[in-house]
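FYI, it's all coordinate maths here, none of it is from the lab. Since the model is a prediction, treat every value here as computed from it, not as a measurement. Every residue, glycine among them, receives a Cβ derived from its backbone with ideal geometry; neighbour counts consider all protein chains shown.
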Amino acid sequence: MSLWLTPQKDRVQGISLLYQSQIRWLKSSAVILATGGGGQVFTQTTNPKVSTGDGVALAWRAGAVLRDLEFFQFHPTALTKPGAPHFLISEAVRGEGAHLIDDRDYRFAFEYHPAGELAPRDVVSRAIFHHLHKTAANPTHAHVYLDLRPIDPDRIRYRFPNIINVCKQWGIDVFHEPIPVAPAAHYWMGGVACDLMSQTSIHGLYAIGETASTGVHGANRLDKKKIEQLREQLIKDDPEALVAVDVIEEYQGNLADAAKAIAIRNDIEGIADYGLSDWFLEMLQECRDFICQPKYQNLRENYLPALIPPLADCLAGSLGCLPGVAAIIAVPFAAYIKEEGMEKFCKSPNSQPSSPVATKAAQ
Ligand SMILES: Cc1cc2nc3c(=O)[nH]c(=O)nc-3n(C[C@H](O)[C@H](O)[C@H](O)COP(=O)(O)OP(=O)(O)OC[C@H]3O[C@@H](n4cnc5c(N)ncnc54)[C@H](O)[C@@H]3O)c2cc1C
């Protein structure tokens, strides 16, 4: 299949394709490329067999501008077992306390980043890659392990029933043995360069989905739900959201909730409209316990912005994100805690949030 261009090669007039041993020409004023990603160029990928980057190749052969082809997101912990699909073991597992270990039971992640397993996704992927290159005879097919045993078994059952089931299907009992994992190519941020209307450099040629490179993603990727939430916020023309866009691509994990938190940070009453997620409640509890430590007494008695840096520290540790991003997320937490009355929380740091908002969300 090829694109059929005008003789001046400046616009598309259709496609040509081989059908029943004959080349046929289909006229069209617009052609949309939507052939997905190209993960199959890598040995380890989560992508299906069809993800061979055909749309990007078609566009390139026609002379379209491509962009950032080297920007590929690798998921650090895809199940790596002969015959098994590269099933994704969620980052939340590391957030809950799972350790990455090698075949000598060595917890290596801290050699590569002070946050260890909670470093950003691309950092953890690179750490595993480098560690395998240092230690494995055949790094291309080697793996490390994700050990869930440091997590309370009830917590594993509550948070990760699907991971338990899929691993069981492949003969792995996560309660008694670590899961073999390796980084796998997951999402192609680069592709056919196009503008926000999906128009490529060739008139009449459009690219959408993973084939396209709109520039919305940086070298790291935002997922669709998260982009949607950001877009909604941007439509409201909130300059704070624009700040968030700058930093948010560095944030790894639970960004949907983070975006929600960003959206509500100047609108405490509005929390009820968004609903309080389990994540928000858990984090709130953690932030409250943290900020109620005696060493923060002065800050607590001070004013709201002073609460943000220590809360950001707390959140950066829990979420494995950079402090700059955590600072943005910390704002609604600080506001919420302040709004609800610090004294109440300090007297009873382990109590559940008791505001009408929280009660409404819990219903
Ligand atoms: C395991 C996994 C989990 C994911 N989880 C999430 C998630 O939680 N959230 C999220 O936002 N994203 C997720 N993604 C990414 C998301 O699924 C993809 O980015 C998205 O599906 C891409 O959509 P698309 O329409 O561009 O391409 P696709 O959905 O891949 O569709 C491309 C289509 O083009 C067809 N095609 C390809 N080449 C040709 C050809 N030469 N001729 C004819 N047809 C062709 C293919 O058969 C396919 O039907 C995940 C991806 C994977 C692999």
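Place +1 on the Cβ of every Lys and Arg and -1 on the Cβ of every Asp and Glu in region 99-163, take the dipole about the Cα centre, and give the residue among Phe160, His99, Phe129 whose Cα lies farthest towards its positive end.
Ranked along the dipole, the leading option is Phe160.
Return the loop-located GluC sites (Glu not before Pro) in region 35-101 (DSSP other than H, G, I, E, B) with at most 10 other Cβ atoms within 10 Å of their own Cβ; answer none if there are none.
Here the sparse-neighbourhood loop sites are Glu70.
Sticking with the crude label model, points 7 Å out along Cα→Cβ, report the distance from Val41 to Thr140 in nm, one decimal please.
Placing both labels 7 Å along Cα→Cβ, they lie 1.7 nm apart.
Taking θ = phi - 60°, what integer Hz values does the Karplus form 6.51 cos²θ - 1.76 cosθ + 1.60 yield along region 188-199, in sequence order, with x for Gly and Pro?
Per residue, the Karplus-derived 3J(HN,Hα) values read 9, 6, x, x, 7, 5, 8, 8, 6, 9, 6, 6 Hz.
FRET efficiency for Trp60 and Gln297, Cβ-Cβ distance as r, R0 = 45 Å, nearest 0.05?
Details: r = 62 Å, r/R0 = 1.38.
FRET efficiency, Trp60 to Gln297: 0.15.
Along region 99-110, what does the Karplus equation 6.51 cos²θ - 1.76 cosθ + 1.60 (θ = phi - 60°) give for ³J(HN,Hα), rounded to whole Hz, x for Gly and Pro?
Computed from phi, the couplings for region 99-110 are 9, 9, 10, 9, 6, 9, 6, 8, 7, 8, 4, 5 Hz.
Taking region 65-132, which trypsin sites (Lys or Arg not before Pro) meet the DSSP loop condition and have no more than 15 other C-beta atoms within 10 Å?
Taking region 65-132 and a limit of 15 other Cβ atoms within 10 Å, the loop trypsin sites (Lys or Arg not before Pro) found are Arg104, Arg107.
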